[in-house]
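The values are calculated or read from the model by the stated rules, or taken from the named source; none is laboratory data. Given the structure is predicted, the values throughout are model-derived calculations rather than measurements. Neighbour counts are summed over all protein chains in view; Cβ atoms, including those assigned to glycine, are modelled from backbone coordinates with ideal geometry. These area figures cover heavy atoms from the full protein model, side chains too; ligands, DNA and RNA do not enter into them. Shrake-Rupley method; radii C 1.70, N 1.55, O 1.52, S 1.80 Å.
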Amino acid sequence: MDTKQAIIAALQPFAQSDEAALQDWLETPKDANMGDLCLPCFRLAKILRKNPNSIAQDLQAVLPTIAGVAKVEAVGGYLNFCYDKTDFAAKLLEKVLTEKERYGAADIGQGRNVCVEFSSINIAKPFHIGHLPSTAIGNSLYRIYNFLGYNAIGINHLGDWGTQFGKMIVAYKLWGDRPVTEYSVRELVALYVRYHEEAEKQPELNLDDQARAAFKQIEAGDPDAIALWKEFVAVSMNEAARVYQRLGVHFDSFAGESFYEDKMPTVIAELRGKGILKTDQGAEIVDLSDYNMPPCIILKKDGSTIYATRDLAAACYRKETYDFVRSLYVVAYQQDLHFRQFFKVLELMDKEWMKDCEHVNFGMVSMEDGTLKTRQGNVTYLDDVLDAAVAKARELMREKSPDLADVDAAAETVGVGALIWGVLYKNRIKDTSFSWAKALNFDGETGPYAQYTHARCCSVLRKAVGLDIGTPDYACLCDPHSAALLRAIAAFPAAIVAAAEKNEPYLVARAVMAVATAYNKFYYENRILGEVSCVCAARLLVTDAARITIANGLNLLGITAPERM
Ligand code: ARG
């Protein structure tokens, strides 16, 4: 039984509360001087019909001694429990070192499905820096849910359908000079830009009519039109695959907007059957004025479907296919209204599972110095940003670690890690502005700092290989620096659970940073190697536990933990 369980068992009869409630109420005090666990006694005021102060005092007086607890103290309306530090260290280290890469994992999900839709790039359009938060946050949530025992389904809802593909076909037929497969996405985007320029300059060409006709052909399954469309998709997906590989991202499904083409009629029929559809100037809409929202358009005047129609079909498909307990959409806050509208339509359709759908929104990203933009417009391609981050990391590594064997691999790890960390180390909803100096600072609260701390732990452990170290003496882990480090390591599993509850990977990043910072203080204040063997052994165990915790945390963020850097 761990110490918290022992405390709960001891409290139960006196608190007249069940185990689950106490489990929920006991918290970790922010200030380590207030102990390791505390019970805010106002929780019991109603049950015991006393004020929190007297409850705390009475409980302190009646509680028997609890295994692993050194001191119980009533402070104001709180009952504080101070662990026996030696016992705490021994139990925690044993747990971390046996669980290893599973430390922090849980079976809360019990194999139930969670859909995590993220990245959702657009075909024949730039894969730009604005897709980084969705990709990084989604990838992290995907890993977090799996780690907590859910079965996460990573979905890339590709923007691969719509009139823009009619325009692409027209542009390609007019100005294309080689097979589509020999084009890069940038070149396809240039064709698209040219299309818009020419359409404006020469209205007499009626390019838009041609484009509409071309998209109709795709919709009708015309083999030539479909073949071209498939090639556009292939070019984009090939390039995207490289970016995803660098970011360590995996998807279980690439069912994009086109996938729902044949699944929309059922949904439209259902809307109609339930009397939710209204005709408005030739279009079919769901009126949302009762909810202070503009109408959700389902079918345009010309009978074509739109983005929202496909999202309705996709939501129903996901429920039928995966029977999810949660369905997340990691999409920028610019689409807040769209999600509120389409969730409301699901509700009007009596889809009670709509309550399990959540728009996991986030802020905008920009580069502080405004570089890396393409000439047409304001787009910053994500692979350019990755390349630049890696190049800067390489410069830095050459200077800081001239003896490193594989600088290129390390630079890739550090550069990419710095970018992902930059997006995840703050509340989702805040905008991100990258400054290379800040993102790659080895001393700030950055990805490289966390990675560096991991490499430092590995290096300490490497040096200890083959040393004759005796039995660890846990009593020597009671100094404030060791105690703070152990506390940070112990807090890690709860941070993962909280991150999933709030869909906020930041909480994991913060827990990793807490361990990294505490480890470095511990490292500077305590000699590890060259100590008496029982002290050295104990400190090596803490080093290993810090290494494991940082590695697991970085892994949940989708960041590589290097052994050397
Ligand atoms: N492809 C869209 C874009 O880049 C994002 C799709 C978001 N997902 C959704 N189910 N609507 O704007």
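Data overview
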quantity	calculated
Cα-projected label distance for TYR317 with TYR291, points at 7 Å along beta-carbon direction, nm	2.2 nm
Percent carbon-and-sulfur accessible area, the stretch 5-89, ignoring ligands, DNA and RNA, probe 1.4 Å	49 percent
Cα-based helix-to-principal-axis angle, 164-175 vs the chain, degrees rounded to 10	60 degrees
Gyration tensor (alpha-carbon) shape descriptor, the stretch 444-520, a/c threshold 1.5	prolate
Global form of the chain, assessed from the alpha-carbon gyration tensor, a/c cut-off 1.5	oblate
Cross-link pairs LYS4/LYS30; LYS4/LYS71; LYS216/LYS263 - those with Cα-Cα distance over 25 Å	none
Of LYS167/LYS230; LYS230/LYS344; LYS167/LYS319, pairs whose Cα-Cα distance is over 22 Å	LYS230/LYS344; LYS167/LYS319
Principal-axis tilt of helix 307-322 within the chain, Cα atoms, nearest 10 degrees	50 degrees
222 nm mean residue ellipticity, helices alone, for the chain (DSSP H n ≥ 4; -39,500 (n - 2.57); rounded to 500)	-17000 deg cm²/dmol
Spatially proximal lysines relative to LYS463 (Cα-Cα < 28 Å; intrachain offsets below 8 disregarded)	LYS85, LYS91, LYS95, LYS100, LYS400, LYS521
Surface share of carbon and sulfur [accessible, 1.4 angstrom probe, percent] for the stretch 447-502	62 percent
Global geometry of the stretch 387-485, whether rounded, prolate or oblate, following the gyration tensor of its Cα atoms and the 1.5 cut on a/c	oblate
Accessible area expressed per residue, the chain, with surrounding protein chains retained (probe 1.4 Å, Å²)	45 Å²
Sulfur and carbon atoms: percent of accessible area, the stretch 184-333 [1.4 Å]	51 percent
